[in-house]
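In what follows, a single structure is set out as structure tokens and then discussed.
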Amino acid sequence: MEPKTVDDASSRRQTVSYHVFFAPSVVAIGLWIAISAAFKLEYFDTCPNDGPPLSSVDNWWQNSYTLVVAILLPVMSVLVAFWQPKFPENAEVADQRRKCSQRLKPVVFWNTIWCTALYYIWMLGSYKCIHAVKILMDDKLCNTVKNGISGHFFFYICVSVGFAFLIVRLSRDPTDLTNYVNLSYFVALFTCKMRLVSILTNLTHTFLVVASIFTMFNTWYFGFHTPRQIAYGSLAAFLSMWMFILILDRCHVALAPRPQKPQSLLSDEHIASYNSTAFYSSCPDEEIKDPKPILAVSIFAVMYVLWLIFSIVVEHKIAGYGLFASEIGCWCVVVAVLLFRRYALFTFPIPTSLTMK
């Protein structure tokens, strides 16, 4: 590989780190909490609209927006595992496509399944820790149970931010904040220049974010939490997602892998075109470091065990057997992919539209 010249370095697009999003968010919420507590502002510990009716405190399923999110979550998890981005449209590829199978078969991305399972482990594990902290806080304002940290705000912020990261990492660098707001990307989305599964994934995430916003608004408006409890839940969510992305970034597994040349590829020109246009056009080869999936899984395992021990010590039991079963299932997926699909974990297959039938 030829050394990078000064001109090459100066012509590169400037990137904005994801820290620019998380750091101000955490600081702003922290200042809100500090100022409100220092001046003992009355609104900070007041239930809006005198709190919710007691009969609706535990009936979360009566909220239509919550049901929408509960339905969309598994749909999102499946869609990101079969993501197929837009491929280079040139005369050669178009000609080869006519010779290939016109029927697109599902392509399973094991890297995405692995990363999504880690995301669920992290989110549910940190929620378990927050639930234990709520027990210690012994704050029952706006509820009949201990309610010191808004689990609604924590969950819906983690869902919205987490899946945005999982989607962006499939076709762009997720550590670059500018890749989350890209006008040409949205133009391609709404002009149907993407694969159908990619369009469905983005639209599903949009509905997920909208439903989450309405749910969080209802949580505040109908008095399920005080502003202090909402601030604590939001702060915990941003810190949790910040740490999640930071760990993946430091272990060099935040970016989805570049595609590798399979035996069934039609020609060398296809892989050159594919690499240069479909994935990481703003991320030069020399900046892609060796991934360390074992290190990432080890860090997640240590954090999860600490959260689990803390939860058991505080609550004297394993809280939420359903969630715990889901966490164990995710761990099984993570371990199984590492053991049995290790060769495919950091290799993207070329979709069937670029391979011989």
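The values are calculated or read from the model by the stated rules, or taken from the named source; none is laboratory data. Being a predicted model, the structure only gives us computed values, none of them experimental. Because the Cβ atoms are built from the backbone with ideal geometry, glycine has one as well, and the counts that use them run over all protein chains shown. Surface areas here come from the heavy atoms of the whole protein model, side chains and all, with no ligands, DNA or RNA. Shrake-Rupley method; radii C 1.70, N 1.55, O 1.52, S 1.80 Å.
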Count - residues of the stretch 315-331 that are surrounded by 11 or more Cβ atoms within 10 Å (Cβ to Cβ) and not aliphatic (A, V, I, L, M): 8
The stretch 39-60, subset at pLDDT below 70 and in contact with a helix residue (DSSP H, G or I) (Cβ under 8 Å, 6 or more places away or on another chain), residue surrounded by the fewest Cβ atoms within 10 Å (Cβ to Cβ): 56
Residues within the stretch 173-198 that are open to solvent by less than 40 Å² (accessible area, probe 1.4 Å) and at pLDDT 80 or above, tallied: 5
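Where residues in the stretch 109-136 are touching a Lys or Arg at 6+ places or on another chain (Cβ under 7 Å) and modelled with pLDDT of 90 or more, which of them is surrounded by the most Cβ atoms within 10 Å (Cβ to Cβ)? First the steps, then the outcome.
The first filter runs over the stretch 109-136 and keeps only residues touching a Lys or Arg at 6+ places or on another chain (Cβ under 7 Å), leaving 110, 134-135.
Applying the additional criterion that residues be modelled with pLDDT of 90 or more yields 134-135.
Working: 134: 22, 135: 15.
Within the stretch 109-136, the match that is surrounded by the most Cβ atoms within 10 Å (Cβ to Cβ) is 134.
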Residue that is at pLDDT below 90 and open to solvent by 10 Å² or more (accessible area, probe 1.4 Å), where the choices are 239, 265, 235, 246: 265
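Take residue 73 and tell me if it is at pLDDT below 95, open to solvent by less than 30 Å² (accessible area, probe 1.4 Å), in a helix (DSSP H, G or I) and over 21 Å from residue 151 (Cα atoms). Give the steps one after another, and end with the answer.
Values: at pLDDT below 95: yes; open to solvent by less than 30 Å² (accessible area, probe 1.4 Å): yes; in a helix (DSSP H, G or I): yes; over 21 Å from residue 151 (Cα atoms): no.
The answer is no for residue 73.
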In the stretch 276-298, the residues that are modelled with pLDDT of 90 or more and either buried (at least 18 other Cβ atoms within 10 Å of the Cβ) or touching a Phe, Trp or Tyr at 6+ places or on another chain (Cβ under 9 Å) (or both): 293, 296, 297
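Restricting to the stretch 310-324, give me the number of residues that are part of a loop (DSSP other than H, G, I, E, B) and touching a helix residue (DSSP H, G or I) at 6+ places or on another chain (Cβ under 7 Å).
As a first pass, look at the stretch 310-324 and keep what is part of a loop (DSSP other than H, G, I, E, B): 316-320.
In the following step, the residues that additionally are touching a helix residue (DSSP H, G or I) at 6+ places or on another chain (Cβ under 7 Å) were identified as 318-319.
Residues that pass the stated criteria total 2.
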